[in-house]
């Protein structure tokens, strides 16, 4: 229904344009080997919306809340994750499939977010973030005056 | 269009199996070795310790876990971005090295499953002391 009020359908397409690799400021450089195209899309996310809010879910097994950074500005969301995969001393690696290092991804959502009401939860390796729409972005009913 | 998470697609060319309407993924694994045994660490987000089923039979270690939230992954949601699917986990490994299969231990924390597989005593490196006259 919101499509009727929103004259430009492209905000939904804009989400597909993800700005990756904004790794300056708060995150260290990724590991030297982490430069292939697949590393720009870690962590994989699912984002859905239910009218009042957008919900982001990412699978981050073994990551603690203090290793996750979430920045909100307007309709932009930046998710940073520091993932450590450590081996004790005197161990040899046979296989490493789990990605480790610093990662960051940015998303542009179709509407402004209310940064004060954002909630994030990390349980059993799943990060769930609730991103409520800013009040100004919600459709407002216009009262018609009878003449 | 659903693109699979890279973390759940460790073996090139493998796609999730679909059996009886359930989707199964192979979890990513790290395998380490030290003198005492092998350690395998799997990514299993959303899995509780009670949902795992680890068996060692005839030299093959099978790690399986049912994911409770797989049931509502097909919920009618208005997705803006969908990069990974949600399904159960299963992966098998053949272990040819001599191990002590009775002492295999598993630990699941924060969606990460760690399995310790001790080596058989005879297989551990032993230091040999040389006596002089």
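The numbers here are math on the coordinates, done by the rules we state, and not lab data. If you're wondering where the values come from, they're calculated on a predicted model, not measured in any experiment. Counting neighbours? That spans all protein chains shown, and the Cβs are built from the backbone with ideal geometry, glycine included.
Please report how far the C-alpha centroid of region B:25-100 lies from that of region A:57-113, rounded to the nearest whole angstrom. Taking the Cα centre of region A:57-113 as reference, the centre of region B:25-100 is 20 Å away. Counting only other chain Cβ atoms within 10 Å of each residue's Cβ, the peptide B:105-117 averages 3. Counting every other Cβ atom within 10 Å of each residue's Cβ, A:65, B:40 order from fewest to most as A:65, B:40.
Working from label points 7 Å from Cα in the Cα-to-Cβ sense, the residue A:70 to residue A:114 distance is 1.5 nm. For the segment B:44-56, counting C-beta atoms of other chains within 10 Å of every residue's C-beta and taking the mean gives 2.
Estimate the FRET efficiency between residue B:22 and residue B:126 by the formula 1/(1 + (r/R0)^6), using the beta-carbon distance for r and 35 Å for R0, to the nearest 0.05.
Efficiency, from the Cβ-Cβ distance: 0.15.
Peptide B:23-36 has a mean shielding of 4, counted as Cβ atoms of other protein chains within 10 Å of each residue's Cβ. Extending 7 Å from the Cα toward the beta-carbon at both residue A:121 and residue B:54 defines two label points whose distance is 2.8 nm. At full extension, residue B:64 and residue B:107 could sit 14.1 nm farther apart than now, given 0.36 nm per residue minus the alpha carbon distance. Going from the fewest other Cβ atoms within 10 Å to the most, the residues A:42, B:79, B:25 appear in the order B:79, A:42, B:25. Between residue A:91 and residue B:97, the C-beta separation translates, for a Förster distance of 25 Å, into a calculated FRET efficiency of about 0.95. Counting neighbouring beta carbons within 10 Å and listing from fewest to most, the residues A:67, B:30 come out as A:67, B:30.
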